[in-house]
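What follows is a short report on a single structure.
The values are calculated or read from the model by the stated rules, or taken from the named source; none is laboratory data. None of these values were measured; they are calculated from a predicted model. We place every Cβ from the backbone using ideal geometry, glycine too, and count neighbours over all the protein chains shown.
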Amino acid sequence: MESPESSSRYFDHNATTPLSAAARETWIDTSDRFWQNPSSLYREAGMAKRLLEDLREELADELGIDEPERVVFTSGATEANNAVMRWAADSGKKSAISAIEHPCVMEAAPTGAIALPVNRETGAVEVEAIREYPGDVDLISLMAANNETGAIQPWEEVGKICREAGVSFHCDAAQWFGKIGGAEKFGEACDFLTGSAHKFGGPKGVGFLVVPESEIGGTFASQTGGPQENGLRAGTEDLAGIAAMMAAFRERSPCLPGNSGGRDAFESALAQKLPGVRWIAQAGERLWNTSMFVLPGDEKNLKWLVRLSRLGFAVSTGSACSSGKNNPSHVMEAMGLDFDEMGRVIRVSGGLDSSPEDWVGLADALLEAGAELLP
Ligand code: PLP
């Protein structure tokens, strides 16, 4: 089957990123050299185990966590977030969850969880509103950055509020880790933390979960069976995938935080030349690579997306997980968009290698599509 060309016109990096050169090389090298099962007892398996533990220590260090055994390698952020929410549900934790969490948090959340609203201009939860909850809840869940709007969330402050109140704090950092700097602050802020390799040049199907030290040796388990991952996740570890994830992170670290210049120029150009665009979460702090907007006119976003695709540009109508369905996005609902507006939303998310020219090209392509689709 013909494979799509990876190109500078790819603007859907929040859905997934291409495998980085370092990740690919490390994946092949680790698969060739350390293919033994890290749980086996002969010398070569011991070397695989040593590599696994070195990678765990490295990740713990990057996250500002002093106890590497709190770090669990998983099949991605979905598994990790599901595990935290199921643990909360099974242990009867009263929970408060932001209204813009990823479906893998929302759908597994304990029944009756309180939904924390976001500010419709900035897309961020209001810290003052959160101050009301500790005392009433056992767990607060807030992502680090939203995958649709790009809105950065006040996770550090919320983590502090939780710590002072003795409430557990879960943060889904899938759109933050490997995309912006400052990851070492997560250790102090969070009890539970999750991340995903394919959002920053690592392979798909690899990620991580951090649990509080008190859960080691307890009932918490992401998967049950063997004693791998300090009893927190059964199953033979994907050592090559884990090594590739860390290689991708190492390769990216010096480039973080990214630069919002291309995105900002794109928005200015579009605001000038395509009147009637409504920007989403533009008033707040956003991921440097993300822009979301409601298109003018009557045509649905899908028609724009198809036109852009023909011009060689890949963009999204929302999160990759929801866009295959016809359901309106709960994030757009939380941002106060009406049904009609939700049908005209486009999200673009660039990569570290998207050049200013790529962003200009995207703006031009939208104008070309607009010439056909607008009255
Ligand atoms: N959380 C957020 C914020 C995401 O954006 C995603 C992916 O879209 C996930 C969780 C799920 O990650 P994974 O694909 O690793 O399961």
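Going through A283, A314, A265 one at a time, which residue ends up being out of contact with any Asp or Glu (no Cβ under 7 Å at 6 or more places or on another chain) and of a type in the set (A, V, I, L, M)?
A265
From the set of residues in region 322-332 that are within 13 Å of P103 (Cβ to Cβ) and exposed (fewer than 15 other Cβ atoms within 10 Å of the Cβ), which is modelled with the lowest pLDDT?
G324
Just to check your reading of the model, which residue among G182, G226, G217, G195 is under 23 Å from G159 (Cα atoms), assigned by TED's automatic domain parsing to the domain that holds H170, out of contact with any Leu (no Cβ under 7 Å at 6 or more places or on another chain) and surrounded by fewer than 19 Cβ atoms within 10 Å (Cβ to Cβ)?
G182
A quick yes/no check of all residues on (1) within 14 Å of the ligand (Cβ to nearest atom); (2) closer than 13 Å to V72 by Cβ:
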position: H170; (1), (2): yes, no
position: A174; (1), (2): yes, no
position: E184; (1), (2): no, no
position: G195; (1), (2): yes, yes
position: G202; (1), (2): yes, no
position: V210; (1), (2): no, yes
position: E215; (1), (2): no, yes
position: F220; (1), (2): no, yes
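Within the bounds of region 279-299, is there any residue that is in a strand (DSSP E or B) and of a type in the set (G, A, S)?
yes
How many residues does region 207-254 hold that are under 19 Å from the mean Cα position of the chain (by Cα) and under 17 Å from A45 (Cβ atoms)?
Counting residues in region 207-254 that are under 19 Å from the mean Cα position of the chain (by Cα) and under 17 Å from A45 (Cβ atoms) gives 1.
Among the residues of region 82-141, how many are assigned to a loop (DSSP other than H, G, I, E, B), more than 16 Å from the ligand (Cβ to nearest atom) and under 22 Å from E157 (Cα atoms)?
Adding up the residues that qualify gives 15.
Which residue, of T219, T224, is in a loop (DSSP other than H, G, I, E, B) and at pLDDT below 95?
Within the list T219, T224, the selection yields T219.
If you check A248, A244, which single one turns out to be assigned by TED's automatic domain parsing to the domain that holds T26, within 16 Å of the ligand (Cβ to nearest atom) and in contact with a Pro (Cβ under 7 Å, 6 or more places away or on another chain)?
Just a single option satisfies the conditions, and that option is A244.
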